[in-house]
Amino acid sequence: MTPRKAVGSNKSPRNQGDQLKDEVYRQMFRLEENRPGAEMGLALALVRAWLTSDSKPESGEERDWLKKVSSICLQMIETALKAGVTTIPCAKDHSC
């Protein structure tokens, strides 16, 4: 017996785009709060959003949003790296 797809699944293209936007904004806030590893989290969220937008032909609005927010995010990441605010958490044995 084959599994049935759920009606109203969270995987709709619109919902997936909104989830990616939420992830990017969440990581921006984490970086503003100087949370460890936030710059990498933001960079990964942006890459995921770009990859997803490239796989959907009708994502013109998403690409416009990504173009605008990416320049802001990159500036935030560069500023955090220059300020030396960001840190990478040590392993449990503190061998870093």
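Details
- Among Lys68, Lys21, Lys56, Lys82, the order of accessible area from largest down is Lys82, Lys68, Lys21, Lys56, computed with a 1.4 Å probe on protein heavy atoms.
- Between Ala83 and Glu33, the simple spin-label model (points 7 angstrom out along Cα→Cβ) gives 1.5 nm.
The values are calculated or read from the model by the stated rules, or taken from the named source; none is laboratory data. Every value quoted in this text rests on a predicted model; they were computed, and no experiment measured them. Don't worry about glycine lacking a Cβ; one is built from the backbone with ideal geometry, like all the others, and counts go over all protein chains shown. Remember, those area values only see protein heavy atoms, side chains included, never the ligands or the DNA or RNA. Shrake-Rupley method; radii C 1.70, N 1.55, O 1.52, S 1.80 Å.
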